[in-house]
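Here the structure comes first, spelled out in structure tokens, and everything after it is commentary.
None of the figures in this text is laboratory data; all of them are computed from the coordinates on show. Values in this document were obtained by computation on a predicted structure and should not be read as measured data. Here the Cβ positions follow ideal geometry from the backbone for every residue, glycine too, while neighbour counts run over all protein chains shown.
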Amino acid sequence: MSTPIISPSILSADFANLAPTFKMLNQSKADWIHLDIMDGNFVPNISFGMPVIKSLRKLSSKTFDAHLMIEQPERYIHNFKTIGVDVLTVHYETQIHLNRTIDLIKRIGMKAGVALNPHTPVSLLKDIIQDVDLVLIMSVNPGFSGQKFIENTYQKIAETKNLIAQSQSKALIQVDGGVNQENAPKLVAAGADVLVAASYIFHHQDPLEAINNLKYF
């Protein structure tokens, strides 16, 4: 199995101490930093917005991996590029013109991802899979960290891997929700390339060790 890309989600970090948190992440084996953006409409929670991301961008040179759990994300694509986001993922469920949104994200210089809620079938990506850089499989219902992992995720990863292979797409498969030391090896074995973890890392007594546990199992 290949070594996965680790993208800690700061959703579970201490927001009163983000500077020390980013110092830790910079020293860690984490590859990306995951930013969960929520608007209180698409999901029943509100997180943080562009001014926070713009400030955090100064604290790290690692890849900023933004997951937009918001309605009409296409309104803000240029803004996310301006504040330093590298990978921008929108939800399939929010899109009427997904091709147009993906094209815009890529055209202005970001990697483009599409996220699927647990109930959304992978087959719906058939006509877009060659155009995206990343597919985010939600392994919990989006909105809150610390939820129970949905076991059907392994099957969805395998289906996504098959779709990518059949279409000769170069898309990475990212998994977000309930990821921990126990299920990380099975997720990678199923075909996951990028592991997002929030509670497991930031509620661990040693976050650096937690990151290593996910990357080197």
- [ ] Give, as a single signed number, the net charge of other residues whose beta carbon lies under 13 Å from the beta carbon of residue 198, with Lys and Arg counted +1 and Asp and Glu -1.
- [x] -4
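Tell me the relative contact order for the chain as a rounded percent, counting alpha carbon contacts under 8 Å between residues six or more apart.
On the way: 424 pairs, mean separation 48.0, N = 217.
Result for the chain is 22 percent.
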- [ ] Would you tally the net charge around residue 120, using a Cβ to Cβ cut-off of less than 15 Å, leaving residue 120 out, and scoring K and R as +1, D and E as -1?
- [x] -2
Task: DSSP loop trypsin sites (Lys or Arg not before Pro) with at most 16 other Cβ within 10 Å excluded, longest remaining stretch of the chain - done: 59-125
TODO: Could you check what % of the DSSP bridge pairs in the chain are antiparallel, to the nearest 5?
DONE: 5
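If neighbour count is taken as other Cβ atoms inside 10 Å, put 103, 86 in order from fewest to most. Let's see the in-between values first.
On the way: 103 13, 86 17.
Listed from fewest to most nearby Cβ atoms, that is 103, 86.
Work out, step by step, the length gained on full extension between residue 117 and residue 103: first 0.36 nm times the residue separation, then minus their alpha carbon distance; give nm to one decimal.
Numbers: separation 14, 0.36 × 14 = 5.04 nm, distance 2.14 nm.
Taking 0.36 nm per residue and subtracting the Cα distance, the gain is 2.9 nm.
Taking R0 as 22 Å, what's the FRET efficiency between residue 93 and residue 45 from their Cβ-Cβ distance, rounded to 0.05?
Details: r = 16 Å, r/R0 = 0.72.
Efficiency, rounded to the nearest 0.05: 0.90.
Determine, for 108, 164, the number of other Cβ atoms within 10 Å of each Cβ, and report the residues in order from fewest to most. Kindly include the intermediate steps, with their values, before the conclusion.
Details: 108 13, 164 22.
Least to most surrounded, the residues fall as 108, 164.
With r defined as the distance between the Cβ atoms of residue 205 and residue 130 and R0 fixed at 35 Å, what FRET efficiency is calculated, to the nearest 0.05? Walk me through the numbers before you get to the answer.
Working: r = 43 Å, r/R0 = 1.24.
Working from the Cβ atoms, E equals 0.20.
For residue 215, what is the net charge nearby, where nearby means another residue's Cβ is under 9 Å from its Cβ and Lys, Arg count +1, Asp, Glu -1?
Details: positive: 29; negative: 31.
Overall, the nearby charge balance is 0.
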TODO: Under a 10 Å cutoff between Cα atoms, tell me which one of 92, 200, 76 has the largest fluctuation in the Gaussian network model of the chain.
DONE: 76
Open item on the list: So if each residue of separation counts as 0.36 nm, and I subtract the Cα-Cα distance between residue 212 and residue 14, what length gain in nm does that give?
Closed with: 69.3 nm
Task: Cα gyration tensor shape for the stretch 5-215, rounded if a/c is under 1.5, else prolate or oblate - done: oblate
Task: Ranked 65, 14, 39, criterion: other C-beta atoms within 10 Å, fewest first - done: 14, 39, 65
